[in-house]
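Novice: Here's a structure for you.
The values are calculated or read from the model by the stated rules, or taken from the named source; none is laboratory data. Note that the structure is a prediction, hence the values are computed from the model and not measured. Reconstructed Cβ throughout: ideal geometry from the backbone, glycine too, with neighbour counts over all protein chains shown.
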Amino acid sequence: MTHSFKSYIDIKENHFGAESLDTSGDESYIEQRQPRLLKGEAVTATEDNVLQFVSLSERKHGRSGTLYVTNFKLSFIPSVSTRTDNPECQHSSLLDEFDVSLCNIDCIYHITRDKKRKLVGGQNVSSKIKGLLVVCKNMRTLTFSFKFANVNSGRSIANALLHYAFPRRHHLLFAYDYREPYVRSNQNNTQMFQDQSDWLDELKKSNCIGWRITSSNTSYNLSANLPSFFVVPEGALDWQLETASRHFRGNRPPVWCWGTNEGAALVRMADMLPGINDRVQENVMLEQVRKAHPKKRQPHIMDLQKSLPTPRDLQISFCKLRDICSPESASRFWNQEPDFFGRMDSSRWLHYVSGCLSIAQQAAQILASGATVVLQEGEGRDASTIVSSLVQLLCNPSTRSIVGFQSLIQKEWVALGHPFCSRLGLIAESESPMFLLFLDCVWQILNQFPGKFEFTETYLTTLWDACHVGIFDTFIFNCERERACAATDTHNPLHLRSVWDWEEQYGPEDVALFRNPLYALKLEKPLSTKLSALPISCGLSSLEVWQQCYCRWVPMLEMTGGGRVQVNFQVRLLAEEIVELQRKVEICRKGGHPDRVAPFDFSEEFSFACDSALLRSRLQNNPSSFFPFMSHSACVGEILLNTSILGDEDESDDRDAGLNESTYSLSTAV
Amino acid sequence: MDRKIASSEILNPTSTGSRNASTDSLDSDSKSCSVNSKHDTGENSSSGQQSENASSPRPEDLPLLPGEKTQGVARDVTYLCPYTGPAPGVLTVTNYKLHFRSTDRETLYTLEVPLGVVSRIEKVGGVSSRGENSYGIEVFCKDMRNLRFAHKQENHSRRSVFEKLQLRAFPLSHNLPLFAFEYQETFPEDGWAVYEPVSELKRMGVPNDSWKISRVNENYEICDSYPQIWAVPACASDDDLRAVAAFRSRGRVPVLSWIHPTSQAALLRCAQPLVGVAGRRSREDERYIQLITEANAQSHKLFITDARPSANAIANKAKGGGYESEDAYPNAELVFLDIHNIHVMRESLRKLKELCFPTIEETRWLTGLESTLWLKHIRYILAGAIRIVDRLENHKTSVLVHCSDGWDRTAQLTGLAMIMLDPYYRTMRGFQVLVEKEWLSFGHKFAHRIGHGNEHHSDADRSPVFLQFVDCVWQLTQQFPTAFEFNETFLLNILDHLYTCRFGTFLFNTDRERYKEEVKKKSVSLWSFMNANLDEYRNPLFCRLLHARHVLLPVASMRHMKLWKGYYCRWNPSMRTQDPLIPRCKELLALRAQLQAQVEQYKRDVEAKNSNRPNIGSPQRLASPIHS
């Protein structure tokens, strides 16, 4: 059966890959010595002869080039025209390979030979800056040296970054200056939950007859961070809601999120305000929740505070995780090797993932048993968002399609007011990667059930990156009210653009990689109406580190020709072959001849299968295990990667052997 | 949660013929690892057929292998399953296995454990034991599990079961033959023919100008733990080899394991030089090493990897061993790989078993795993092999590998390096050749390391060296999921039969012993059994063409090391053991095959129609199997 597997990796197709990739070739690149600027983007600092070091090369290898700071990004343009524009890599239309958006920058350090000092956003630096270390929220780290640049260049770059990357006020974000026209594409069917219709639709799909849409918050008087429309128990009258809301944190009474066929509802509710001792209003609301159940069953209340991390805990955990998965130096990487598992353990990250998954699983089981679940937590905008979304992913197959998943995020995260602006640290506030914790949980489920989701891990990683681009309204507001205010501001109205129009950012080749071939070809079994949750394993021994997202910046961890991506390629080719055969059979059935079937356009009908010729040429090039992200071997020589793993004693030898013409050996720099 | 563990095959292809046919079916759960226990919970109605059998336990129904004989039956025994609780039933002991069949409808299942896996049997509880199920037998196994059976005191069944088990689990301690010599089954292919040293050398292009085949050890006189046929530098005379043997521990001379097809850089193995505290030298050995270096025109250096930590290598001088000094071997570069000895590895596995069996404490999983050091050892072995591959492939330098005696760590390193370097060893056939060559023929002491049929469970010679090697191979399959023709079941099967003593393959220490005991004549090879069933071991993701020229350079970082739960935790039914992608891929492959067949059928129909046009309108087309 399998031996024919090889047959379709044919050598013939080379012609395609070679030509199509080379047309975008080198010439155009040499001319492009300026960064690509978006409409509304302006350069604020430029310095030549800056060195950017290859990550974890211990400042021994790097490229020389020009460093730009704009009001949108930090951009490095290498002076030597190497093939930096790696065709294997995901290509964003907003950011090039060496670019980082300012929103993505977490902190900046002044580095000297053996010390580093954190620079504080908003303050000016007056001393000479020799080197800069930029640590990003998506775990990327960038190291620059100004040794060969002008005396003051380090300082000017540092000050530009400190000024523009850490805005104090929301309207200083680049999104307000961005002038590119935006038209929402027709192909995007994501439900936005901005008006009643999507909620109504959601209610109809479930059997929650005891619930209604309230419009008591249309002017955000009831709660500043709830949307204009939300779903509440039918018995709770608007005045009751208003009274009750004043007793809850964030003024958030219980809100319906989703319901099952049997009428069991998934409800999110805030804690009572501190200082309020009597729980009368809470009980009134819970009684209404009970009455909303078709069988008037008592709801099951899950207190998430006890078992899930607070935003602060999570941020501490994330910093530890970042240090382990994307250490800033190779020596640190080697130091962490012996006790990697212990460090993972003390970061708590996987414990939190495990906690979210197991609570979601419990909630799913309760829902499946027919009872309503109330998730209670703080303001009901953080951990309950994660759990509520996960429950639906476990129970509701339609949320596992791309559109369904995006609609889920719109509903649970965007509409119900997850404070993205604070949590992503756009304005120096309480940064905490709640959304990443959620994506990690989704990745774990995907990892355990690879055929159940329409999207791939590449999609999830890209989504995390998109959080830090800073121009999508999806991720820059704390709640709907803020978004509405910004959009209707008479002074400088913000152009709302949704992240879900992926074609705005990526070409069809990259978007095709978001789609999971295993999902497209699922062999449908008759759907039973009975709710059944995916039987996930939540224990730590069943969880893995999300390598593609966290470890992609570490060259030592890249496997050439290995990794999960190989499986992905195989399955993609196989799926494509099956689609082709199915078409042949179809045509034969209608009386045609199997050999006279016209070649067909994959992009239209079966968008999971991207261009097979390109796919094969990618496969033959031994793609990096982090494909389609950072390919380190394409940037630096090969030896750097694998052989020095025993560490210290022969590290330097191997590093030096890793030189090729596109890199400089700079053992004395900085 | 998910009770359907790797649903398992009974280790018995003949008596379960009907089930055999289903092995190439696409049943996603048919993960057959031979010595799995079978859990059929009562509510699982789909396994009705088995339940029927199990409900009327008559010993004569017991599936027996050819040559297997029932030794005793005990009724009213309770198996204390750590996952599903106590189950009363019937325990049967044969000369091959322990077989338990529950008689309780609630917990209906059978358990089969080949006695070869038993490491130790102990009586639990005495006359004064009062608690329920506190009186019985505990069986400690080599394959990461323990079994407990409770007996009723008044039945007096324990003593006879205990004695039968002792006798049959440790036949060598009781002057009985190992089961492999009683086992009578025949297979279509003779697995003993899988490896033929001369043709394997020929495959690598040896003999050639620089390397020759030597039969100087034909009677195992120079080295009793080496095979008869060696590949050595063409200029080395028999006398040279004898002189070198005198300077190498146990006479284990540097000989060729593998040669690079283009650069001619060679991979060699040997034992430590007998340097001793006095710093002895051997001119013949030095000259011989120089010959090896010169046999590779691409490099004037030789890379010697001593697998041990340097402290151990130095300590070995006191026992007459040691390592190659720079003075004596000026063209050699010596590196220590810091891999620990068999005792450290045994202790590490003991801790790992404690962590994994019977259940995992999830919240302490990461720290627990780290404290076993198991993955750290795996990482060092892999890292060592990577360095060898790097030298050979990227620097075209020949590499000589040794440890102390060159039969444990050395076999791990050369074996792994060869798998990384040569795609042939990543096929099923090639892997069998590799095991035969690097492990069996070069004298890895399987009998001592496993302790077949021997009751001395605390023997210091026992160590999971081969298990570590297979674990490393599994790590490679994780990092390069499309590079191997075989799947996890293939590796599990080899590991299972490492202990069962059903096949002659792993029973002895050396080629010489196997020759003396006439293993090939008197027993069946594991490969005969496995090669009769290759489809079961195929990796549906294997991409042969892509990897034809591909050298694997894995990443030996702790961040990439995984615990092989499919092996170490497989007795726990809540552990998801199979990669969920595999069944999906099998489905897709089957779908493709089905569609291809349909298209072919159409083509034939069209041609048939064209050739006899007058018959147009015949019902031919309707008859074709086009329905999916």
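Novice: Find all pairs meeting these conditions: Cβ atoms under 7 angstrom apart; at least six residues apart or on different chains; first residue within segment B:482-511 and in contact (Cβ under 8 Å) with a residue 12 or more places away in the chain and more than 15 Å from B:Ser525 (Cβ to Cβ); second residue hydroxyl-bearing (Ser, Thr, Tyr) and assigned to a helix (DSSP H, G or I).
Specialist: The qualifying pairs are B:Phe484/B:Thr477; B:Phe486/B:Tyr537; B:Asn487/B:Tyr537; B:Thr489/B:Tyr537; B:Phe490/B:Tyr537; B:Leu492/B:Tyr567; B:Leu495/B:Tyr567.
Novice: Would you check if there is a residue in segment A:290-302 being within 14 Å of another protein chain (Cβ to nearest Cβ) and within 29 Å of the chain's Cα centre (by Cα)?
Specialist: No.
Novice: Let me ask something else about it. Report, by residue number, each residue of segment B:478-532 that is more than 21 Å from B:Trp571 (Cα to Cα), within 14 Å of chain A (Cβ to nearest Cβ) and not in a helix (DSSP H, G or I).
Specialist: B:Phe480, B:Pro481, B:Thr482, B:Ala483, B:Phe484, B:Glu485, B:Phe486, listed by residue number.
Novice: Could you please find all residues in segment B:309-341 being small (Gly, Ala, Ser) and surrounded by fewer than 19 Cβ atoms within 10 Å (Cβ to Cβ)?
Specialist: B:Ser310, B:Ala311, B:Ala315, B:Ala318, B:Gly320, B:Ser325, B:Ala328
Novice: Could I ask something else about it? Of these, B:Val90, B:Val73, which one is in contact (Cβ under 8 Å) with a residue 12 or more places away in the chain, of a type in the set (A, V, I, L, M), closer than 25 Å to B:Phe357 by Cα and surrounded by 17 or more Cβ atoms within 10 Å (Cβ to Cβ)?
Specialist: Among B:Val90, B:Val73, only B:Val90 is in contact (Cβ under 8 Å) with a residue 12 or more places away in the chain, of a type in the set (A, V, I, L, M), closer than 25 Å to B:Phe357 by Cα and surrounded by 17 or more Cβ atoms within 10 Å (Cβ to Cβ).
Novice: Same structure, new question: Here are A:Thr488, A:Thr462: which of them is of a type outside the set (Asp, Glu), crowded, with 23+ Cβ neighbours inside 10 Å and on the phi < 0 side of the Ramachandran plot?
Specialist: Matching residue, one of A:Thr488, A:Thr462: A:Thr462.
Novice: Name every residue in segment B:93-119 that is in a strand (DSSP E or B), of a type in the set (Ser, Thr, Tyr) and free of Cβ contacts under 8 Å to residues at least 60 places away in the same chain, in order of residue number.
Specialist: If the condition is that a residue be in a strand (DSSP E or B), of a type in the set (Ser, Thr, Tyr) and free of Cβ contacts under 8 Å to residues at least 60 places away in the same chain, then B:Ser102 is the only one that fits.
Novice: Same structure, new question: Just one of B:Ala307, B:Ala313, B:Ala318 is more than 14 Å from every other protein chain (Cβ to nearest Cβ) and under 22 Å from B:Pro464 (Cα atoms); which is it?
Specialist: One residue alone meets the criteria, B:Ala313.
Matching residues to (1) over 25 Å from B:Ile259 (Cα atoms); (2) among the small types (Gly, Ala, Ser); (3) without any contact (Cβ under 8 Å) to a residue 12 or more places away in the chain:
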{"position": "B:Glu286", "(1), (2), (3)": "no, no, no"}
{"position": "B:Leu302", "(1), (2), (3)": "no, no, no"}
{"position": "B:Ala307", "(1), (2), (3)": "no, yes, no"}
{"position": "B:Arg350", "(1), (2), (3)": "yes, no, yes"}
{"position": "B:Lys353", "(1), (2), (3)": "yes, no, no"}
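Novice: Any idea how many residues of segment A:375-399 are surrounded by 24 or more Cβ atoms within 10 Å (Cβ to Cβ) and out of contact with any helix residue (DSSP H, G or I) (no Cβ under 6 Å at 6 or more places or on another chain)?
Specialist: Qualifying residue count for the region: 2.
Novice: Look at B:Glu218 and say whether it is surrounded by fewer than 21 Cβ atoms within 10 Å (Cβ to Cβ), under 23 Å from the mean Cα position of the chain (by Cα) and of a type in the set (D, E, K, R).
Specialist: Against the criterion (surrounded by fewer than 21 Cβ atoms within 10 Å (Cβ to Cβ), under 23 Å from the mean Cα position of the chain (by Cα) and of a type in the set (D, E, K, R)), B:Glu218 does not qualify.
Novice: State all residues of segment A:282-334 that are touching a residue at least 12 places away in the same chain (Cβ under 8 Å) and of a type in the set (S, T, N, Q); if no residue qualifies, say none.
Specialist: A:Gln288, A:Gln298, A:Gln305, A:Ser307, A:Thr310, A:Gln315, A:Ser317, A:Ser326, A:Ser329, A:Ser331
Novice: If you don't mind, there's one more thing I want to ask. Report yes if A:Cys538 is within 14 Å of another protein chain (Cβ to nearest Cβ) and either closer than 26 Å to A:Ala364 by Cβ or not in a loop (DSSP other than H, G, I, E, B) (or both), otherwise no.
Specialist: Spelling it out, A:Cys538 is indeed within 14 Å of another protein chain (Cβ to nearest Cβ) and either closer than 26 Å to A:Ala364 by Cβ or not in a loop (DSSP other than H, G, I, E, B) (or both).
Novice: Moving to a separate point now. With respect to the numbered conditions (1) under 30 Å from B:Asn146 (Cβ atoms); (2) assigned to a helix (DSSP H, G or I); (3) more than 9 Å from every other protein chain (Cβ to nearest Cβ); (4) polar (S, T, N, Q), which one is the sole condition not fulfilled by B:Thr359?
Specialist: (2)
Novice: Of all the residues that make up segment A:470-508, how many are small (Gly, Ala, Ser) and closer than 14 Å to A:Asn188 by Cβ?
Specialist: Residues flagged as small (Gly, Ala, Ser) and closer than 14 Å to A:Asn188 by Cβ within segment A:470-508 amount to 1.
Novice: Does segment A:148-206 hold any residues that are part of a helix (DSSP H, G or I) and of a type in the set (Lys, Arg), and which are they?
Specialist: Answer for segment A:148-206, where residues must be part of a helix (DSSP H, G or I) and of a type in the set (Lys, Arg): A:Arg155, A:Lys204, A:Lys205.
Novice: Continuing with this model, one more query. Of all residues in segment B:533-553 being among the charged types (D, E, K, R) and part of a helix (DSSP H, G or I), which is farthest from the other protein chains (Cβ to nearest Cβ)?
Specialist: For segment B:533-553, the residue satisfying everything is B:Glu536.
Novice: Let me ask you something else. If you go through segment B:76-87, how many residues are among the polar types (S, T, N, Q) and surrounded by fewer than 20 Cβ atoms within 10 Å (Cβ to Cβ)?
Specialist: 1
Novice: Looking only at residues in segment A:565-584 that are at the interface with chain B (Cβ under 7 Å from one of its Cβ atoms) and within 27 Å of B:Asp390 (Cα to Cα), which one is surrounded by the fewest Cβ atoms within 10 Å (Cβ to Cβ)?
Specialist: The selected residue is A:Val567.
Novice: From (1) at pLDDT 95 or above; (2) crowded, with 21+ Cβ neighbours inside 10 Å, pick out the condition that doesn't hold for A:Arg212.
Specialist: Checking A:Arg212 against (1) at pLDDT 95 or above; (2) crowded, with 21+ Cβ neighbours inside 10 Å, the one that fails is (2).
Novice: Under 6 Å between Cβ atoms, at least 6 apart or on separate chains: pull out the pairs that start in segment A:154-180 with a residue that is of a type outside the set (Val, Ile, Thr) and end on any residue that is in a helix (DSSP H, G or I).
Specialist: A:Tyr164/A:Leu102; A:Ala165/A:Leu102
Novice: Can you find even one residue in segment A:472-482 that is more than 14 Å from every other protein chain (Cβ to nearest Cβ), surrounded by 20 or more Cβ atoms within 10 Å (Cβ to Cβ), among the basic types (Lys, Arg) and in a helix (DSSP H, G or I)?
Specialist: No, there is no match, as no residue in segment A:472-482 is more than 14 Å from every other protein chain (Cβ to nearest Cβ), surrounded by 20 or more Cβ atoms within 10 Å (Cβ to Cβ), among the basic types (Lys, Arg) and in a helix (DSSP H, G or I).
Novice: Could you please find all residues in segment B:294-325 being within 16 Å of B:His402 (Cα to Cα) and either over 34 Å from the mean Cα position of the chain (by Cα) or in a helix (DSSP H, G or I) (or both)?
Specialist: B:Ser310, B:Ala311, B:Asn312, B:Ala313, B:Ile314, B:Ala315, B:Asn316, B:Lys317, B:Ser325
Novice: Restricting attention to segment B:362-407, and to residues there that are outside any helix (DSSP H, G or I) and of a type in the set (Val, Ile, Thr), which single residue is nearest to A:Arg343 (Cα to Cα)?
Specialist: B:Val401
Novice: A follow-up question, please. Any idea which of (1) at pLDDT 95 or above; (2) surrounded by fewer than 22 Cβ atoms within 10 Å (Cβ to Cβ) is the one B:Asn394 doesn't satisfy?
Specialist: So B:Asn394 meets the others, but not (1).
Novice: Go through A:Ser541, A:Ser612 for me and flag whichever is at pLDDT below 85 and in contact with a helix residue (DSSP H, G or I) (Cβ under 7 Å, 6 or more places away or on another chain).
Specialist: The conditions single out A:Ser612.
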